[in-house]
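These notes concern the structure reproduced below.
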Amino acid sequence: MHLAKKFAAAAMLGLAIGAHAQDRTRGEACLAPGAWYALADDATRAVQAHDLMQQMAAREVVLLGERHDETSHHQWQLQTLAALHLLRPDMVIGFESFPRRVQPALDRWTAGELTVEQFLAQTEWTKVWNFAPELYLPLFHFARLNRIPMVALNVERSLTQAVRTKGWDAVPAEQKEGVSRPAPPSDSYREVLYEAFARHARNSKGKSAAADRDSAAFHFFVEAQQTWDRAMAEALASTIRREVGG
């Protein structure tokens, strides 16, 4: 999930939720629950929540990560949104979970014109995302209660699937939903994607050879993820330009 509009922020920061007091395998202290930490040079340092929120609210975009099926992550997102809203009430909330074509339904929801059932139906929730809606509904209700615009950031899964199957260059321009060519990935990002790709290959019987870093399958896998990333980045940028009149 993402936030934008004359507002944003984001650094590699996280909330330690339910951490143990000590790592039993290494004997090292773990992150304390309910505390904020900044990551730098493979190390962590504690930061004050008030100072962090002030810093975040001064930015243009805040990225709030999640494990999609983890309830505590969505609770943390809601807590963070509420804190940021006090500092920047002119926020917009962007959602990875919605393709751009369902934007009218998001607008009707925040305007108070739809029931929950109508909203889920009109956004085709079970088709486009299909995680338990109860995980996300508190976020949707927060936006509606405060009349915060919600923005659909994503593209159709059929686009990323096509790129993953045959590569960016083979997908016709009219099917790319206006998304421009992504920048080349960094070596570190390719490595992160390779780990995910190789793990998937190991879990797929008879497909271990597909885990080759030089294979077309891995190249297309990287391009598909970049298409997803690029689409959401462009949606955030266009939202900011529209909101600030730039």
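No value in this document is a laboratory result; all are computed from the given coordinates. Everything quoted here is computed from the prediction, not taken from an experiment. Every residue, glycine among them, receives a Cβ derived from its backbone with ideal geometry; neighbour counts consider all protein chains shown.
Per residue, the convex hull around the alpha carbon atoms of region 87-134 comes to 102 Å³. Using every pair of separate Cα atoms, the Kirkwood estimate puts the hydrodynamic radius of region 101-246 at 17.5 angstrom.
The Cα-based radius of gyration of region 159-226, divided by its Kirkwood radius, gives an Rg/Rh of 0.99.
Provide the net charge surrounding TYR194, with neighbours chosen by a C-beta distance below 13 Å and charges set as Lys +1, Arg +1, Asp -1, Glu -1.
Value of the local net charge: -1.
Each residue, PHE131 and TYR189, gets one label point 7 Å from its Cα in the Cβ direction; the gap between the two is 2.1 nm. Taking the empirical scaling 2.2 N^0.38 Å for compact globular proteins as reference, region 74-161 has a Cα radius of gyration ratio of 1.06.
Using the Cβ of LEU114 as centre and a radius below 12 Å, the other residues enclosed give a net charge of -1, where K and R count +1 and D and E count -1.
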